[in-house]
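The values are calculated or read from the model by the stated rules, or taken from the named source; none is laboratory data. This is a predicted model, so every value here is computed, not measured. FYI the Cβ positions are ideal-geometry reconstructions off the backbone, even for glycines, and counts take in every protein chain you see.
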Amino acid sequence: MRSSGKTVAFILILLSAVAFASDSVRSLYNKGLKAEAREDYEAAYNYYKAAWEKHPDDLKYKVPYERTRMLAAAQLIKQGQKLRDDGKLEDALNLFMKAAAIDPSSDMALQEARRTQNMIKGQAATEGGAAPAQPPEEDVLHKRLDEAGGPVELAPLSTTPLQALHFASADTKQIYETLGRLGAINVLFDPDYQGRRIAIDLQGVTVQQAFDIVALESRTFWRPVTPNTIFVAADTQTKRRELEQNVVKTFYLGNVATPTDLQDVVNAIRTILEVQRIQQIPSQNAIVVRGTPDQLALAQKMIDDIDKSKPEVVVDVVVAQVRRDKVRMMGILPPQNATVALQGSNVASTGTGTGTGTGTTTTSSGLNFNSLQHLNSTNYAVTLDPVHAQLLFSDSNTKILENPRIRAADGIKASLKIGDRIPVATGSFGTPLGIGTGVGALGVNTQFQYLDVGVNIDITPHVHPDGEISLKVALEISNQTGTSSIGGISQPIISRRLVDHEIRLKDGEMNMLGGILEDQITNNGSGTPVLGQIPILKYLFSQNDKERHTNEVVFLLVPHIVRGQELSNLNRRAFDVGTGIGIDLRKADVPVNKSANAPATNPQGAAASRQQQQQAAPPTRPVAQGTTMQQPPVTVTPAQPQQVTDQPPPGTPVQPQQQTGQQIIQPGPPQQNPAMAPASTPAQAKPSPATPVSTPGVASFHLDPPTAAPAQGSQFTLNLNVSGGQDIASVPLQITYDSKVVQFVSVSNGSFLSKDGQNVALVHRDDPTTGTLQISAQRPPNTPGVSGTGTVFTLVFTAKEKGTGVIAITTPGARNSQNQSLQVTGSQTAVSVN
């Protein structure tokens, strides 16, 4: 008894375990279904995988497990890309590796993982400041490519226009060097280039424009060597081939459909830009181009203009057919025919059989000539038509609506066929003659062709720039209405409705291609003459049938633009590409941001900043004649002039003086120059004249007279004199004035720099909004400097408003014949307008 109890308990435990395992697998599968329904493919994959691992031989669990593998990996890749865009590289890498583990066949996961690893390595090297690890020998070429630079671009130059640039007869090299000093650009010349003398008189042009004008006037061209160095040579085809930069780039096109499209782009670039080194790669939809940076830039523009996704149109086609049949039958139709016929007499006979009872038989004797004389009523038979009474009305409506929708790209034919394909016999063939009639008859075969019956639409759209759509449409509606036997073969009878034409519509405009309207009315009347025509009696002696069949078929087209032609301003813009000798893109001037020129409101802070700048700022390079530098307004209180002491070694490119609010590129490594903060002198602070201080071995600039009291509206003159000058070849300096009190008029060359008869290039820049005047005077290159005392400039101002102000040399500077900075001091003049 105990043994049987244990056996029963064991069986129950085993059955419970099996049921529990079954419930567990089913539960995992159901959880996977729910996760897949809410598009949580990673969780669904895990549930399906767990269920499949419990029953690996059951396809019910294996199929969803394999199906969600790719979906889960794609979902993880998308999440990883989002994390990487947010800067979470480690988390993104973990997701990419997890996606690769789920779907080992996903190359996308491995590519994204490698890319993220490279980003992590680069970030670690940048933050740690350590040098990158040496690449293996096989990666040397990749290392060279990573370290290779792109095309050299000249750093942006100042966009402040030059007020005047005048060279009566100067050597082109001297003009280039002057403009180079003005724009802080080193100028190198081709050893084969021989300068020639030209005359330049320009006003209101920028430094970049002045470079281009001088190049055009002197028939030269220049190319950047570094961001602050240019190389000048004669503008010939030979020199351009020798000296112009060459850049190689691969362009990948994403919207070419056929190899001919790629060839069209290559032909356009080769013809328009005269690029000879160009090769198409049809397998990658790519183009490899070698040319100058300007040629490649224009090639990029042409590819962007041409390689665009084609516009797409969705056309709603509406085929509506309405058929209505009405039938009415009403009336009483009396007998219309009566027939009278002769018949023989009926004779009755009685007979007795072998059984009991007797029988009587009636027979009709035939009609003969003898019986004609004995005719009676039994010999006449009258037959009348039956009376028909009808009262019937039927009304049937049939509506057929077909609304297919077709999407097509611009210029590409799209076809839509909805219906059946019906075989139609087109011919027959048999065995060759001579085999025998019996065998020949058995060898006859019939050829069939299948016709598309139903709705057949062929549409070729074209989207116009104004948003209208041209459609080339072939619309056919056909159906089988019956069959016909031809040669013993049953052939279908097909009814067709065909519209084939070209139209131009607006977006969303409904157009009726064509329609068929049939309206058939039939009236049938029958009855007794005369009586059937009397208004009331006609319903008793006649019958009237009336039928009306209406059939209307309409074809409608409604086009919708779902993707238009995307044309940006860059696509429509025209570019100056230079002359026929070479392609040169002219850079457009970019306005200087005026927000940086707002004056400060703290005079004390401005004065401290100005003093720091005078102590730390290096001497400025000479700038070209007639230019104005963008500077903030500075009003200087009477103070002792500061000395500029830094002297760069010989051969070092000279740094231009930089002020707040102006973007000028400096040659050589960048140096931190204190920005001069704008300030304004309070009205109650009356300036005192500055006394020039002479320092042994240091040249001194001072304004003469030290005080001025002009009347309002009158002009007055200040001379900028130098004393203690030694071998001075150029004088670049900056003067600030109170623009509310005085207004700058002009500057002219003094006699100091031209005392030996040399021509002096005088350049100035004036910013009346900030009261900043930048002046530079330069002797010709390769000439000795001037020593002694004299007048360098003569300044003319106009007394603008009553009040007091200061005209100060805030940044004095001078350079010797070796292009070395000299120690100089400045001064100021107190102005009181009455």
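Couple of notes before you dig in:
- Test: residue in the range 48-69 that is hydrophobic (A, V, I, L, M, F, W, C), in contact with an Asp or Glu (Cβ under 8 Å, 6 or more places away or on another chain), part of a helix (DSSP H, G or I) and within 27 Å of GLN111 (Cβ to Cβ): no
- Counting the residues of the range 400-423 that are of a type in the set (Asp, Glu), assigned to a loop (DSSP other than H, G, I, E, B) and surrounded by fewer than 16 Cβ atoms within 10 Å (Cβ to Cβ) gives 0.
- Once the range 266-293 is narrowed to residues that are over 22 Å from the mean Cα position of the chain (by Cα) and part of a helix (DSSP H, G or I), the residue that is surrounded by the fewest Cβ atoms within 10 Å (Cβ to Cβ) is SER283.
- Test: residue in the range 240-263 that is surrounded by 18 or more Cβ atoms within 10 Å (Cβ to Cβ), assigned to a helix (DSSP H, G or I) and within 25 Å of the chain's Cα centre (by Cα): yes
- Criterion (modelled with pLDDT of 80 or more and not β-branched (Val, Ile, Thr)) met by exactly one of MET302, MET329: MET302
- Qualifying residue in the range 157-167 (condition: loosely packed, with under 13 Cβ neighbours inside 10 Å, over 23 Å from ARG815 (Cα atoms) and not assigned by TED's automatic domain parsing to the domain that holds GLY813): no
- Against the conditions (1) surrounded by 19 or more Cβ atoms within 10 Å (Cβ to Cβ); (2) under 23 Å from the mean Cα position of the chain (by Cα), GLN300 satisfies every one except (1).
- Residue count, the range 274-303 (criterion: within 20 Å of THR260 (Cβ to Cβ) and touching a helix residue (DSSP H, G or I) at 6+ places or on another chain (Cβ under 9 Å)): 13
- Filter result for LEU498 (aliphatic (A, V, I, L, M) and in contact (Cβ under 8 Å) with a residue 12 or more places away in the chain): yes
- Taking the criterion of being charged (D, E, K, R) and within 15 Å of GLY582 (Cα to Cα), the residues of the range 260-289 that qualify are ARG270, GLU274.
- When ASP192, ASP201 are checked against the criterion of being among the charged types (D, E, K, R), outside any helix (DSSP H, G or I), within 28 Å of ASP767 (Cα to Cα) and more than 41 Å from the chain's Cα centre (by Cα), ASP201 stands alone in meeting it.
- Among the residues making up the range 188-201, those that are over 14 Å from ALA170 (Cα atoms) and touching a residue at least 24 places away in the same chain (Cβ under 8 Å) are LEU188, PHE189, ASP190, ASP192, TYR193.
- Residue in the range 37-45 that is at pLDDT 60 or above, of a type in the set (Ser, Thr, Tyr) and more than 51 Å from the chain's Cα centre (by Cα) present: no
- Taken as a whole, the structure leaves ALA168 outside the set of residues that are farther than 20 Å from ARG240 by Cα and assigned to a loop (DSSP other than H, G, I, E, B).
- GLY128 at pLDDT 85 or above and among the small types (Gly, Ala, Ser): no
- In summary, SER776 fulfils each of the numbered conditions (1) at pLDDT 85 or above; (2) under 47 Å from the mean Cα position of the chain (by Cα); (3) not β-branched (Val, Ile, Thr) with the single exception of condition (2).
- Residue in the range 314-321 that is under 28 Å from the mean Cα position of the chain (by Cα), under 30 Å from ARG407 (Cα atoms) and among the polar types (S, T, N, Q) present: no
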